[in-house]
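The values are calculated or read from the model by the stated rules, or taken from the named source; none is laboratory data. The structure displayed is predicted, hence computed values, not measured ones. Cβ atoms come from the backbone with ideal geometry, glycine included; neighbour counts cover every protein chain shown. Areas reflect the complete protein model, heavy atoms only, side chains present, ligands, DNA and RNA absent. Shrake-Rupley method; radii C 1.70, N 1.55, O 1.52, S 1.80 Å.
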Amino acid sequence: MVSLARIDDRLIHGQVVEGWVNFLKATCILVADDTVAANPLQRAIMEISVPEGLKVVIGKVEDICGKLLSSSLDGERAILLFSNPADVLRSLQAGLSFSSVNLGGLHFVPGKMKLMDVCAVNDADLEALKAILRRGVKVDVQTIPTEKPQPLEKVFKACFGNEK
Amino acid sequence: MTPFDTHTITQVFVAALIGGIIGLDRTALGQFMISQPVVAGPLTGWLLGDVTAGLVIGGTLELIWVLDMPIGTFVPADSTVTAVAATAIASLGSTTPGQLPVIGFCLLLTVAMVPVTMFADHLMRQRNARIPELAMTSSGQPTEASVTFWHLGGMVVFFLKAFLLCLVLVPAGLALVSGFLALPDAVHRAMSLFVALLPLLGAASVARKLSMKTLDRTLLVGFVIGAVSVQLFQAPELVAIMLAAGGGWMGMRFHGA
Amino acid sequence: MAHNAAVIRTMDLLGVFWRSFFIQASWSYDRMQSLGFAFALIPVLRRLYPDRELFTERLAVHMEYFNTQPYIASFVLGAAVKAEEDRASGRNAATDVVELKKTLMAPLGALGDSFFWGSLKPFAASAAVAVLLTGAWWAPLLFLVLYNIVHVGLRLSLVFVGYATAGDVVALMSRYRFTKLARRYKVLSLAIIGCIVGTVTAWGPEFRTDLSVSAPLLAAAGLALTLILITLLRAGASPVKLMIGLAAACLILAWGGFA
C-alpha cells in the first residue's frame, strides 16, 4: 500500500526519513527513478543511509509500478518517491492511481521558474504537473508533515492568475 | 506600567546583543548548539542576573522544540530567539529573581513569538538568495575576496535578524508583564502550575518523534525505574537517571535492537 | 599531463575543517550551502591552482547548488579535496566532482539529519534536561559536552575520512555505524524521557506543584498526562496549541482553588 507518493528531486533525504517515515509509520521506501536505478553506486549509498529496519526498494519507474500492481508489496506501508512530475505521470499511465501527490521539493537552478521557495519548475515539469491535475489527482506542496500543505492549484493561481 | 528608564533600555539592548550573537550559532556559524534553549536560556539569564529564569525557561523549551528539525528546505520555529527573549523578559520584568508566575507567563508568551520568528526567518532566507549573485564580480566570475566577503557577510544578516527580533519582542513582552503583575493571585498560581506541567509536554514532544508507539516500551521502563528508585529507595535523581539509561541499554541488548 | 605537482598537506585539510564551521553563513532557499562549500575549499584551491584563471574556474564550479546536513558536509568536503587534487595533478582528471557532490548530498543528508538532529541532539538534550529538572545548574554544560565531543570530533575526522576514501560511503559506514548508533541514542533518550516523567515527584522546587496528592498518584498522573499529550501530538495538534491548552487548564484549576 502506498501511504504517500512524493515528488522530490533529492529523493531520499532528511525530510523523508525524519519527517514522513515516523508520521506515516512507513515500513518501506520505494524509489522510482530510472537514473538512480541504473547507477549502482547511488543505489548502494541510498540503501545504507536510511535508519535501521526501514526497507528500501529502488527501481525504474515501470518496474516499481509493476511491483505495486502485482501486490508483492501489499504488506508494507510504503513511501513512493519520484524525482520529477513526469515520472508520476508515467506511473499513472502504467496503471497506478493516487488520490493525491505530495510535492516535496524541486530545487532552483537558473532557467527554472520559481513557483514557491521550495519548488522551481522547468517547462516539462510544468506540463506534467498540469497533466497530473487534469487527471483529477490532488497535488499538495508540503516539505514535512508538520508544515501546512499548499494546494498546487492555489500556487498556480498565485503565479499565473486565472489563465489556466 | 513600569516606565522604560535608561537602565531598562540598556538592558534590552544587551539582551538583543546576546540574542544576535547566540543566534549566529543556530545556523550561520559553528552550530555548537549554544543556541539550543537549554544553553541559550541559562546563559542569557546569567548575563542579565536571573539564572533561575534562564534554567527554567531553557530547560522547558528545549524538549518541546528539540525535534523540530531544520531538515532540507524546512525552517523550523526559532527556539533560540524565543528562549533568549523569554528569559530576558522574565529577568528584566520580574520584581525578584526567579519569580515563578512571571517565568510561566513568559513561557506562555513564546506561543506568540513562534510565528513571528518563523516569518522573519523565511523573509531573510529569501533575501539571502541574492548573495551568490553579489559574489560574482563585474567580469561574471567569483574571486576569493568576493566569495569570502559576501559569504561571511551573510552572518551579518543572521545576526541582525535575531538582534532585531529580540529588540522588538523583549520590550513588547515587558509591557505585557507589567500588566500581568497586576492580575489577581489566581492567575499567578495558574502560571506557576503551568511551569510545573510544561516539562511533560517536552517529554511528550520527544517521545512522539522518537517512537512510533504512544506507550513505548523503553519509555515505560524508564518511567518505572525512575519512579521506583526515587519513591521506594529514596535514590538521588541523578542515580535514577543513570539507572533508567542503564535499563534502556539492557533492554536494547536483550531485544537485539 | 602532470602539470601540477602540488600535494595537499594536513594543514590544508585543517583549514577546510576550520572553514567548515562557516558553511551555512549565507544559507538561502535557492543556493543553500553552495557558497559555503566554495568558501571552505578556498585554501585547497589556492594550493592546487596557483594559476588565477584556473582558480577562479574551479571556485565557480564549487558554487553550484549544494545542500546536506551541515556536519556531514565535512565528508563531502574531504571527498571534493581529493577529487580536486587528482584533477590538478592529472592523475585522474576524469573524476567529475560536481557529479560526486550531487550523488552524495541527499543520501548523506538523510543520514546526517537522522543521526545528528534526530538522535544525538535529543539524547544530549534529554540527559541535560533530566539533570536540570533536579535543580543542577551545570545541566547546560553537560549538554554542550555530550553533544560537542561527538559533533566536533566527527566533523574533524569526516574531512580526513572523506579525503582518504575519496568519498566512499560504504567505507564511511563500516567505520562509523551511524544507523546503529542513532538507534542506540534514540533508545537511551526514550529511557531518560520516561525517567523524567517517573521522577516528577523529585523535580526541583521551581517545577513542584502544590497539589496535595500522594507521590505514587502524582507520578501516575504525570504519566497519564504525558500519554494524553503524545496522543494529541499524534493527532496533529501543534506544541503551540498544546501550550495554550495547558495554560487554560491551569487557569481553570487555579480559579477553582485546586492549585
Selection count where residues are assigned to a helix (DSSP H, G or I) and among the small types (Gly, Ala, Ser), scope the range A:113-164: 4
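Given the range C:172-259, what helices (runs of 4 or more DSSP H) lie entirely inside it while holding 2 or more residues that are within 7 Å of another protein chain (Cβ to nearest Cβ) and among the basic types (Lys, Arg)? Even if it seems obvious, please write down each step before you answer.
Values: elements: C:178-198, C:215-234, C:239-255.
Ranges flagged: C:178-198.
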Options C:75, C:37, C:115; residue that is open to solvent by less than 30 Å² (accessible area, probe 1.4 Å), in contact with a strand residue (DSSP E or B) (Cβ under 7 Å, 6 or more places away or on another chain) and among the aromatic types (Phe, Trp, Tyr): C:37
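Regarding residue C:37, is this residue within 21 Å of residue B:124 (Cβ to Cβ) and of a type outside the set (Ser, Thr, Tyr)? I'd like the intermediate steps shown before the answer.
Details: within 21 Å of residue B:124 (Cβ to Cβ): yes; of a type outside the set (Ser, Thr, Tyr): yes.
Answer is yes for this residue.
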Scan of the range A:79-100 for residues that are in a helix (DSSP H, G or I), open to solvent by 20 Å² or more (accessible area, probe 1.4 Å) and within 21 Å of residue A:28 (Cβ to Cβ), ordered by number: A:90
Residue in the range B:165-188 that is within 23 Å of residue C:250 (Cβ to Cβ), over 22 Å from the mean Cα position of the chain (by Cα), facing chain C (nearest Cβ under 7 Å) and without any contact (Cβ under 8 Å) to a residue 40 or more places away in the chain present: yes
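Would a scan of the range A:133-142 turn up a residue that is open to solvent by 30 Å² or more (accessible area, probe 1.4 Å) and under 15 Å from the mean Cα position of the chain (by Cα)? Outline the logic, then answer.
Of the range A:133-142, the ones open to solvent by 30 Å² or more (accessible area, probe 1.4 Å) are A:134-136, A:138.
Now narrow it down to the ones that are under 15 Å from the mean Cα position of the chain (by Cα): A:138.
Among the residues of the range A:133-142, at least one is open to solvent by 30 Å² or more (accessible area, probe 1.4 Å) and under 15 Å from the mean Cα position of the chain (by Cα), which makes the answer yes.
Of these, B:243, B:219, B:238, B:201, which one is more than 7 Å from chain C (Cβ to nearest Cβ) and part of a helix (DSSP H, G or I)? It would help to see each step written out before you state the result.
Working: B:219 fails: more than 7 Å from chain C (Cβ to nearest Cβ); B:238 fails: more than 7 Å from chain C (Cβ to nearest Cβ); B:201 fails: more than 7 Å from chain C (Cβ to nearest Cβ).
Of B:243, B:219, B:238, B:201, the one residue that is more than 7 Å from chain C (Cβ to nearest Cβ) and part of a helix (DSSP H, G or I) is B:243.
Run down C:153, C:167 and say which single residue is more than 10 Å from chain B (Cβ to nearest Cβ), farther than 23 Å from residue B:52 by Cβ and either in contact with a His (Cβ under 7 Å, 6 or more places away or on another chain) or at pLDDT 95 or above (or both).
On the way: C:167 fails: either in contact with a His (Cβ under 7 Å, 6 or more places away or on another chain) or at pLDDT 95 or above (or both).
Checking each option against the conditions leaves just C:153.
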Of residues in the range A:10-27 being within 22 Å of residue C:105 (Cα to Cα) and at pLDDT 90 or above, the one surrounded by the most Cβ atoms within 10 Å (Cβ to Cβ): A:16
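Please work out which residue is least open to solvent (accessible area, probe 1.4 Å), limiting yourself to the range C:208-259 and to residues that are closer than 27 Å to residue B:211 by Cβ and charged (D, E, K, R). Before you say what the answer is, go through the steps one by one.
We begin by selecting, within the range C:208-259, every residue closer than 27 Å to residue B:211 by Cβ; these are C:209, C:215-247, C:249.
Filter again for charged (D, E, K, R), leaving C:234, C:241.
On the way: C:234: 55, C:241: 136 Å².
So the residue we want is C:234.
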Residue ID - nearest to the other protein chains (Cβ to nearest Cβ), chosen from residues in the range B:70-88 that are buried (at least 24 other Cβ atoms within 10 Å of the Cβ) and among the hydrophobic types (A, V, I, L, M, F, W, C): B:71
Complete set of residues in the range C:73-127 that are in contact (Cβ under 8 Å) with a residue 12 or more places away in the chain, within 10 Å of chain A (Cβ to nearest Cβ) and closer than 21 Å to residue C:164 by Cβ: C:100, C:104, C:105, C:107, C:108, C:111, C:112, C:115
Residues satisfying the stated conditions in the range A:9-50, i.e. part of a loop (DSSP other than H, G, I, E, B), within 9 Å of chain C (Cβ to nearest Cβ), in contact (Cβ under 8 Å) with a residue 40 or more places away in the chain and of a type outside the set (Asp, Glu): A:10, A:11, A:12
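Looking at residue A:109, is it open to solvent by less than 30 Å² (accessible area, probe 1.4 Å) and out of contact with any helix residue (DSSP H, G or I) (no Cβ under 7 Å at 6 or more places or on another chain)? Walk me through it before giving the result.
Working: open to solvent by less than 30 Å² (accessible area, probe 1.4 Å): no; out of contact with any helix residue (DSSP H, G or I) (no Cβ under 7 Å at 6 or more places or on another chain): yes.
Taking the combined requirement at face value, the residue does not satisfy it.
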Tally, over the range B:93-112, of residues that are in a helix (DSSP H, G or I), touching a residue at least 60 places away in the same chain (Cβ under 8 Å) and surrounded by fewer than 24 Cβ atoms within 10 Å (Cβ to Cβ): 3
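Only one residue in B:126, B:141 is at the interface with chain C (Cβ under 7 Å from one of its Cβ atoms), modelled with pLDDT under 85 and more than 33 Å from the chain's Cα centre (by Cα). Which one?
Working: B:126 fails: more than 33 Å from the chain's Cα centre (by Cα).
Sole residue among the options that is at the interface with chain C (Cβ under 7 Å from one of its Cβ atoms), modelled with pLDDT under 85 and more than 33 Å from the chain's Cα centre (by Cα): B:141.
Can you pull out the residues in the range C:153-172 that are open to solvent by less than 60 Å² (accessible area, probe 1.4 Å) and touching a residue at least 60 places away in the same chain (Cβ under 8 Å)? Outline the logic, then answer.
Taking the range C:153-172 first, the residues open to solvent by less than 60 Å² (accessible area, probe 1.4 Å) are C:153-155, C:157-159, C:161-163, C:165-167, C:169, C:171-172.
The answer is C:154, C:155, C:158, C:159, C:161, C:162, C:163, C:165, C:166, C:167, C:169, C:172.
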Count - residues of the range C:1-49 that are under 17 Å from residue C:87 (Cα atoms), at pLDDT 85 or above and assigned to a loop (DSSP other than H, G, I, E, B): 3
All positions within the range B:25-48 that are within 9 Å of another protein chain (Cβ to nearest Cβ) and aliphatic (A, V, I, L, M): B:28, B:29, B:33, B:34, B:38, B:39, B:40, B:43
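Residue under question is residue B:60, and the condition is that it be surrounded by fewer than 24 Cβ atoms within 10 Å (Cβ to Cβ) and part of a helix (DSSP H, G or I); does it hold? Give the derivation first.
Working: surrounded by fewer than 24 Cβ atoms within 10 Å (Cβ to Cβ): no; part of a helix (DSSP H, G or I): yes.
Spelling it out, it is not the case that residue B:60 is surrounded by fewer than 24 Cβ atoms within 10 Å (Cβ to Cβ) and part of a helix (DSSP H, G or I).
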